[in-house]
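Visitor: To start, I am sharing the structure in question, which I have written as structure tokens.
No lab work stands behind these numbers, since they all come straight from the coordinates. Please read these numbers as outputs of a predicted model, since none were measured by experiment. Note that each Cβ is placed from the backbone with ideal geometry, even for glycine, and that neighbours are counted across all protein chains shown.
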Amino acid sequence: MIRVLPDSVANQIAAGEVIQRPASVVKELIENSVDAGSTLIHVIVKDAGRTLIQINDNGSGMSDTDARLSFERHATSKISSADDLLKLYTFGFRGEALASIASIAEVELRTRRQEDETGTQIIISASTLVSQETVSCSAGSSFSIRNLFFNVPARRKFLKSDNAELKHIITEFQRVALCNPNVEFTLASNGTAIYNLPKGNVRQRIAGIFGKNTGNSLLSVQVDTSIVKIEGYISKPEQTRKTPGEQFFFANSRFFKSAYFQKAVFNAYEQLIQTGAYPAFFLYLTVEPENLDVNIHPTKVEIKFSEEQTIWQVLNAAVRETLGKFALAPRIDFDIENRIDIPVLTPNTKIVMPKLGVDETFNPFEDERKSSLFKSEKTDKNWQKLYNGTDAYEQEKDDDEIPKLFSQPQSLTEKFIQIKDRYIGTNSKSGLMIIDQKRAHRRILFEQFLNSFESATDHVQQKVFPDTIELSAMDFIIISEHIDNLYKLGFDIRIFGKNTVVVHGLPANIESADVKSTVHSIIDDLKEETVCFEKKSKERLALTLAKISAIGNKTLNAEEMNSIVGKLLACSNPNICPEGKPALTIISFDEIKTRLLK
């Protein structure tokens, strides 16, 4: 009953863990190129990697023997014993990537060492060696991966659209490029250049990937302790985005994910950014290799640190210090010249409980100037005056007389009241109706934008001076695939060169003067893979524009309140906003009377 699996089957099983999509192939091969000492790496993909993934580098190359061995399972030049796992500074080391890739694709490798006159070409298909021969080629290595998952149709069927898969490729490309600014990288898709990143420093690399606006808004983070060294950059609080995407941790030049450390960064931004906003950060941690374990995840994106809590404290303090030095956080006296090391807790740290002083002679009732909520006569008169009543509430009032404030709508002013610049109160047949003006306006605009799609009428209001906006490669792809639908909603956005768009017109009912902020808000919402309801792209765009354009906490006059209520009640679904949250509620007369007569 128990049998040893053939290598081809074992490699396909390993591929299921290591090679999840075309982006996984790009990641593994780029990391191998970096480990080979390359200073120039070209990445070329066709059809988001389905048809072709090609990685060319000028690294050390391989001999004909090493070239053949590199496709064997567990073949690696990085380690020779288990102890070597504690001293790793390289990327791939388990020797599964090439064997896994070769088991699910057609692979061609051309490689030559600098000291050799000729190189080697190897062709493998589905783990089967097709040919190996001597060829003339450049020094370094060139991998061509064709027809990915051709022999695993179930895996190929679950790949997403080309744009979605290309986004994953860009993400993996960014992660490797960000931690290797001394290497020149290029990325091209279907013949179009996406990135051309020359050698430089970290800040230049960030600007090259995410645009000059991001690069110019970064604050430097730098701290060095006996446990961890942290360098990198964080964004200013005003440069936050609505969706995550520009948050990067690196440990010993290796990208990793950590919700725990991310909380340390976000915690430092408390009270500086709105809830749900995401600051960008690019933070590079350096620790002794023996103090971390990178072999706990097949793709090595999760890492264990032996001093995790201590690093959390150092990271949090370092970000706070940076924000404080630039006067962006409540001032702490940061003396840069005489600065002491950031204190950290260790298992041997002694915790001393603070001592509290108590004034035993304090008597809160000695102050005759106290104010009371129950100075009845004066307070009752103020309430009567506020509501234009002649007497205080009487317990024997009838139901019809309790909502007296709303029962005589002779004018718009008497028909509506506004509460806390957010809610509208008005009388209804069954009770007091409370409307959330923000959600109500979103519902109104959502249905208007949907109708714009259906009618296909031109709602574009042309701008006298168009706005040119530089985007990251990821954002450019997102906006490009929605340009036609955006035009139907009133956005005249046109492609203008590499990763750049020009906004020539906006919808007539959008009052935002900040065009760049509006476009970025649209992109941020389109990035979200999970919306409150699963709808087509047109409805997602309509929701995005409604969220951007809707009013928030704002004082409204009687006519504005009347307009919102009237338009809301004319909607096809006035009870809820397009995100599925209540837009209005009704407090019955019986409930009002019960509360007042308690």
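Visitor: Which order do the peptides 29-41, 99-111 take when ranked by the mean count of other beta-carbon atoms within 10 Å per residue, highest first?
Guide: Values: 29-41: 21.1, 99-111: 23.8.
Averaged packing, sorted descending, gives the order 99-111, 29-41.
Visitor: So what is the relative contact order for the range 202-325, in percent, with contacts set as C-alpha pairs under 8 Å and at least six apart?
Guide: Numbers: 194 pairs, mean separation 35.2, N = 124.
Result for the range 202-325 is 28 percent.
Visitor: Considering amide H positions built from the backbone, and no H for Pro or chain starts, which residues 5 or more places from G232, or on another chain, come under 5 Å of its amide H?
Guide: V221, Y284
Visitor: Efficiency by 1/(1 + (r/R0)^6): what FRET value for S428 and Q271, r their Cβ-Cβ distance, R0 = 41 Å, to the nearest 0.05?
Guide: Working: r = 40 Å, r/R0 = 0.97.
So, using R0 = 41 Å, E works out to roughly 0.55.
Visitor: Another question, if that's okay. Under the Karplus relation 6.51 cos²θ - 1.76 cosθ + 1.60, θ = phi - 60°, what is the ordered set of whole-Hz ³J(HN,Hα) values for the range 158-166, x standing for Gly and Pro?
Guide: Once rounded to whole Hz, the list reads 8, 5, 8, 5, 4, 5, 5, 5, 5.
Visitor: Can you give the extra length, in nm with one decimal, that the chain gains between I44 and V135 once fully stretched, where that is 0.36 nm per residue apart less the Cα-Cα distance? Don't skip to the end; give the middle numbers.
Guide: On the way: separation 91, 0.36 × 91 = 32.76 nm, distance 2.19 nm.
Between I44 and V135, full extension yields 30.6 nm more.
Visitor: Once label points are set 7 Å from the Cα along Cα→Cβ at both E308 and I2, what is their separation, rounded to one decimal in nm?
Guide: Label at E308, label at I2, 3.4 nm between them.
Visitor: Could you please state, rounded to a whole Å, how far the C-alpha centre of the range 536-593 is from the C-alpha centre of the range 195-220?
Guide: 42 Å
Visitor: When the Karplus curve 6.51 cos²θ - 1.76 cosθ + 1.60 is applied with θ = phi - 60°, which whole-Hz ³J(HN,Hα) does each residue of the range 287-293 get, with x for Gly and Pro?
Guide: For the range 287-293, the Karplus curve yields 9, 5, x, 6, 9, 9, 10 Hz.
Visitor: Using only the Cα atoms of the range 136-257, build the gyration tensor, take square roots of its eigenvalues as a ≥ b ≥ c, and label the shape rounded, prolate or oblate: rounded if a/c is under 1.5, else prolate if a/b is larger than b/c, else oblate. Mind showing how you got there, number by number?
Guide: On the way: a/c = 1.89, a/b = 1.59, b/c = 1.19.
Cα axes put the range 136-257 in the prolate bin.
Visitor: Run the simple label-point estimate for S588 and N151 please: 7 Å along Cα→C-beta, distance reported in nm.
Guide: Computed distance between label sites S588 and N151 equals 7.0 nm.
Visitor: Another question about this same structure. Among rounded, prolate and oblate, which fits the range 202-325 when a ≥ b ≥ c are the square roots of the eigenvalues of its C-alpha gyration tensor, a/c under 1.5 means rounded, and a/b larger than b/c means prolate? Write out the running numbers ahead of the final one.
Guide: Details: a/c = 1.61, a/b = 1.43, b/c = 1.13.
Here the range 202-325 falls in the prolate category.
Visitor: Give me the extension gain from E115 to T555: residue separation times 0.36 nm, minus the current Cα-Cα distance, reported in nm with one decimal. The partial results should precede the final answer.
Guide: Details: separation 440, 0.36 × 440 = 158.40 nm, distance 7.65 nm.
Gain on stretching E115 to T555: 150.7 nm.
Visitor: Got a sec to turn the phi values of the range 59-68 into Karplus ³J(HN,Hα) couplings, 6.51 cos²θ - 1.76 cosθ + 1.60 with θ = phi - 60°, whole Hz, x for Gly and Pro?
Guide: Here the 3J(HN,Hα) series is x, 5, x, 9, 6, 5, 5, 5, 4, 6 Hz.
Visitor: Using 0.36 nm per residue of separation minus the Cα-Cα distance, give me the extension gain between K263 and D66 in nm, one decimal.
Guide: 66.5 nm
Visitor: Follow-up. Note down the nm distance, to one decimal, between modelled labels 7 Å out along Cα→Cβ at K581 and at F496.
Guide: Going by the 7 Å Cα→Cβ label model, 3.5 nm.
Visitor: If you keep only loop residues by DSSP, which GluC sites (Glu not before Pro) in the range 232-288 have at most 10 other Cβ atoms within 10 Å of their Cβ?
Guide: Filter output for the range 232-288: E270.
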